[in-house]
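Take a look at the structure set out below.
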Amino acid sequence: MFELALSSVRSNISRFVATLIAIATGVAFLTAGTMLTTSIERSLGGEIDEQYAGVAAAISPRGADDEGGFQRASLPASTLDEILSVEGVRSAVGEYRGFTKILTESSEKEEPGMFGPQGPTVRNWVNNEELNPVQIIEGRAPRGANEITLDRGTVEDEKVTVGEKIEISTTQGPAKVTVVGITAFGTVDALDASGTIMAAEPWVYSLSGDGSQSYIKVLVASEEGVTDAQLRANLSTALADKPLKVMTGTAFRTEEKAQSAEILKVLRPVLTGFALLALGVCGFVIYNTFNVVVTQRTRELALVRAIAASPLQVWSSLAIEGLLIGILGSILGILLGSAITAGIGAILTALDLGLPPASIVLTPYILIRGLLAGTIVTFLAALIPALRASTTAPVDAMRSSAAESAGHATCS
């Protein structure tokens, strides 16, 4: 039956063109969506692993307030001094975070966002190359009050140049500041999705806070020969009387990757839903195509039954045809999906939406998922036509085919 099915597919491939196109289209959308999200996820994770590679431990308040993904700064500066005195700590820096807004004529007319504060995230400039996650790509770091750096994406969006003065909101009201540098987070424009403004301490605490020095997190680099686990144990012992969470560098990077991948929580189900819808439509097209193909081959199938083929053998032959067409269409779909992913990546780069670069990512999961999706949908869509053909008596099939031929002859 397998040889019969293979021969039938080879001789009737032109009849399955619509089926192949349908399978390839559905699998292509599914593959492209998976590749796109996987590529972005890997890019985000890779940047975090590289930019925070020097972090051996991280300390944050246990049960810190978290509103809409924004953690309040609640670690006093005195905690940083204690951490610096712990055995195994080579250096430590506090991480401050707040919000501001670049003031323009259009921004003053905007309504407040429904998801919380709008505008770039404010961070303190870290004078420690090992623990600073961003790099200056133009200009210099901020050194005093009313000096800031902007991320590459915000600079392009606001059309700002190094040395230019702009107006931003602060807790004391609008303030004129000078853009002294442009930053990037590895290959990504900004560390934060909303954009990143960095300012020097202590002025940064007045920019978006009440002026008091406090942090959301402390990042620690270890002395040579001290493992992350040893450092975490030392810090946990030294800070045991405080409500603090101490993580190894690995755990910290894992947590940061989970937070930075929030966009994928929206993007992944949308793309997957669209792909499943496409596969559903493809299943309908495949079902109709197999119906037509089986009807056109009524006499051929009747002849196979007449020479002692059982209904199960006829059904198996048609089912195998569905599997072969499904596999072939799925392979074409994976190739097409790769091309679509490359095209979407080029479009995202051209639009400069602040997303990490998207590229073609072929993993066993993506390949198996695409092959299984296309093959299973095709197989299921071919079952009903195959079952009907296998249960039709040879004499009835011959009679039906002969009547159809006679009808065509009369019409002509």
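The values are calculated or read from the model by the stated rules, or taken from the named source; none is laboratory data. Remember, it's a predicted structure, so these values are computed and weren't measured experimentally. Cβ coordinates were reconstructed from backbone atoms using ideal geometry, including for glycine residues, and neighbour counts include every protein chain displayed. With ligands, DNA and RNA removed, areas are computed over all heavy atoms of the protein, side chains included. Shrake-Rupley method; radii C 1.70, N 1.55, O 1.52, S 1.80 Å.
Miscellaneous remarks
- Hits in the stretch 245-256 - residues which are among the aliphatic types (A, V, I, L, M) and open to solvent by less than 20 Å² (accessible area, probe 1.4 Å): Val246, Met247
- Taken over the stretch 179-224, the criterion of being in contact with a strand residue (DSSP E or B) (Cβ under 6 Å, 6 or more places away or on another chain) and of a type in the set (Asp, Glu) is satisfied by Asp189, Asp192, Glu201, Glu223.
- Checking each residue in the stretch 230-251 for being under 19 Å from Ala77 (Cα atoms), assigned to a helix (DSSP H, G or I) and among the aliphatic types (A, V, I, L, M) picks out Leu235, Ala238.
- Neighbours by Cβ (under 6 Å, 6+ apart or cross-chain): first from the stretch 125-142, assigned to a strand (DSSP E or B); second open to solvent by 50 Å² or more (accessible area, probe 1.4 Å) and among the aliphatic types (A, V, I, L, M): Glu138/Val162; Gly139/Val162
- Put simply, of Leu239, Leu191 the only residue that is of a type outside the set (Val, Ile, Thr), under 20 Å from Phe99 (Cβ atoms) and touching a residue at least 40 places away in the same chain (Cβ under 8 Å) is Leu191.
- Residues of the stretch 80-124 that turn out to be in a helix (DSSP H, G or I), modelled with pLDDT of 90 or more and open to solvent by less than 20 Å² (accessible area, probe 1.4 Å), as a count: 1
- Of all residues in the stretch 16-33, those that are surrounded by 24 or more Cβ atoms within 10 Å (Cβ to Cβ), of a type outside the set (Val, Ile, Thr) and modelled with pLDDT of 85 or more total 1.
- Breaking point among (1) at pLDDT below 70; (2) hydrophobic (A, V, I, L, M, F, W, C); (3) within 13 Å of Ala373 (Cα to Cα), for Leu279: (1)
- Within the stretch 170-199, the set of residues being surrounded by fewer than 22 Cβ atoms within 10 Å (Cβ to Cβ), polar (S, T, N, Q) and in contact with an Asp or Glu (Cβ under 7 Å, 6 or more places away or on another chain) comprises Thr171, Thr178, Thr187.
- Ser169 vs. criteria hydroxyl-bearing (Ser, Thr, Tyr) and closer than 17 Å to Glu95 by Cβ: no
- Criterion: under 24 Å from Glu129 (Cα atoms) and out of contact with any Cys (no Cβ under 6 Å at 6 or more places or on another chain) - qualifying residue of Gly273, Gly225, Gly209: Gly225
- Among the residues of the stretch 134-157, those identified as β-branched (Val, Ile, Thr) and open to solvent by 50 Å² or more (accessible area, probe 1.4 Å) are Ile136, Ile137.
- Scanning the stretch 217-235 for residues that are out of contact with any helix residue (DSSP H, G or I) (no Cβ under 7 Å at 6 or more places or on another chain), more than 16 Å from Val93 (Cβ to Cβ) and open to solvent by 40 Å² or more (accessible area, probe 1.4 Å) yields a count of 8.
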